[in-house]
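What follows is a single structure, written as structure tokens, with notes after it.
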Amino acid sequence: MRSILWMSLLSISLAAGGCKKKQDDTGNAATQVKKTAEDVHDQAKDYNKTVNDKDSTNKDVTEAKGDLQAAKADLNAAKQKFSVSMKDRLQKLDIRINELAQRTDAKSQQAAADAKARRDEIATKMSSIDTRSTSDWDAFTKDVNDSFDKLESDVHDALK
């Protein structure tokens, strides 16, 4: 019962946080996905334990199944929040790349073209968010964030 209450509070906080906060902190969103994925794993173990326990009632199994479903819903919400924060970051990057592309010198034009190609690579990586497993989540988010950081830095330097 305590876990249902916790899951409900987590769901509400994710929904409220997604509506009110800026979505540019991808690190926190990635960490939240990792935490909720661990919770799904824990709830799955609890569910399996309940199902295999000969003293469990149908009510116990139903509650455990509900807890597991709530944890999975929270994981999907956390992944969605991460996706939104990444898309927001892409949009901000697009604005900077367009500023660079509007310059008339050849160096700026080439830098903008290179930046657009790298931006498209990041967008392609991001399209696999939903299919990422928890085991490679940290490596995935590190790779995407590092790529973003490097590209943002390069675009910033080119705009100087």
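The values are calculated or read from the model by the stated rules, or taken from the named source; none is laboratory data. Here the structure is a predicted model, which means the values were calculated and not measured. Quick reminder, even Gly has a Cβ in these numbers, built from the backbone with ideal geometry, and neighbours come from all protein chains shown.
Below is a table of values for the structure above.
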item	result
Unmet criterion (only one of (1) at pLDDT 90 or above; (2) more than 20 Å from L151 (Cβ to Cβ)) for K87	(2)
Close pairs from the stretch 106-135: first modelled with pLDDT of 90 or more, partner not in a helix (DSSP H, G or I), Cβ under 6 Å, at least 6 apart	none
Extreme residue, surrounded by the most Cβ atoms within 10 Å (Cβ to Cβ), among residues of the stretch 39-95 that are acidic (D, E) and outside any helix (DSSP H, G or I)	D53
